[in-house]
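One structure is given here, and the rest of the page talks about it.
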Amino acid sequence: MLNTANPALRSVLVLSLIAALALIASCSGADSPPEPAQTPVPSPILSVGAQPTRTPWPTVWPTDTPRPATPYPTPDLTARTEEPLDNFILPGAWLNAPFTDVDGAQRTLEDYAGRLVIVHTLAARCDLCMDQQRMLAQAIQDRYAINVLPDAVYLALGVEPGETPALIESVVRERLGEQWATIELVRRDDVAGDYVTGLASDALRRELERAFGSGAVDPLAQTVIVVEPDGLAHLTSEGLVDWRELRDAITAYGILPESPSP
């Protein structure tokens, strides 16, 4: 402990001691290395046009290609033909009254004796008639697909005065689209059946109305007449006839050829 009676000298000594301690402290700190500077982490920068994504990589793509829809129903091999239609019309003058086909030839329903005939009375201007034609094409395709298509004639019979068979057929062809292939199918020589487009004469319209009612000459009524090979006729229910009902009628009244089409 420093002890002196001179106050001035004591002050000088105290200041000298403080300066010495400060010098010692600065020298001892010079031996410690300086702490490294903190390097800032750069934020991610997206290139021009790049966008962040949450999609996992690699992307898993489906391997199964969806099957295209078919224009025809899948045949139900377990379905049985319904009971034959119980309403019938006896053969009459309507079998012998003429109509004109697309080639300009005069024909009668009697010309098809011994074969099943499906008659649909229609008009080119009738949209609902085209729906009925699609139903008929579905029924034909269904029977053909399982090799039970009988020998039958499918008659699109126009009953609208002023139209022509060529006009009716062109409209049916356009409206059926892909299903027109079924019409071409039954027109082939190696396939049982035939598809005929015609225009009823005034005499045939009168006889159809007399035998089957006014709906037979009204395109909007969607009249479908099933004529058995012996000329006995059946009138389907009023309104659009479902393809299944047509399918059943084809099977119930048609006669399979001796050598079914492949």
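Bear in mind these aren't lab numbers, they're just calculated from the coordinates by the rules spelled out. Remember, predicted model here, so these are calculated numbers, not experimental data. Reconstructed Cβ throughout: ideal geometry from the backbone, glycine too, with neighbour counts over all protein chains shown.
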How much length, in nm to one decimal, is gained on full extension between GLU110 and ARG188, taken as 0.36 nm per residue of separation minus their Cα-Cα distance? 25.9 nm
Run the numbers for ASP202 and ILE146: contour at 0.36 nm per residue of separation, minus the present Cα-Cα distance, in nm. 16.2 nm
HN-Hα couplings for the stretch 211-220 via Karplus (6.51, -1.76, 1.60; θ = phi - 60°), in whole Hz with x for Gly/Pro, come out as 8, 10, x, 5, x, 5, 10, 10, x, 5
Rounded, prolate or oblate: pick one for the stretch 92-146, where a ≥ b ≥ c are the square roots of the eigenvalues of its C-alpha gyration tensor, a/c under 1.5 means rounded, and failing that, prolate if a/b is larger than b/c, else oblate. oblate
Whose amide H sits under 5 Å from the amide H of TYR154, counting only residues 5 or more places off or on another chain, with H placed in the peptide plane? ILE118, ASP194, TYR195, VAL196
What residues from the stretch 100-139 fall in the zone where the backbone N is under 17 Å from a label point 7 Å along the Cα-to-C-beta line of SER170? 101-104, 123-126
Using 1/(1 + (r/R0)^6) with R0 = 22 angstrom and r between the beta carbons of SER214 and ALA93, what's the FRET efficiency to the nearest 0.05? 0.80
Once a ≥ b ≥ c are taken as the square roots of the eigenvalues of the Cα gyration tensor of the stretch 93-253, is the result rounded (a/c under 1.5), prolate (a/b larger than b/c) or oblate (a/b not larger than b/c)? rounded
Show me, for the stretch 200-205, the HN-Hα J-couplings you get by feeding each phi into the Karplus relation (A = 6.51, B = -1.76, C = 1.60, θ = phi - 60°), rounded to Hz, glycine and proline as x. 5, 6, 4, 5, 5, 4
Per-residue HN-Hα couplings for the stretch 127-143, Karplus 6.51 cos²θ - 1.76 cosθ + 1.60 at θ = phi - 60°, whole Hz, x for Gly and Pro? 5, 5, 4, 5, 5, 5, 5, 5, 4, 5, 4, 5, 4, 4, 4, 4, 5
Can you sort THR251, THR121, THR164 so the residue with the fewest Cβ neighbours within 10 Å comes first? THR164, THR251, THR121
Counting only residues 5 or more places away or on other chains, whose amide H sits under 5 Å from the amide H of VAL224 once H atoms are built in the peptide plane? THR236
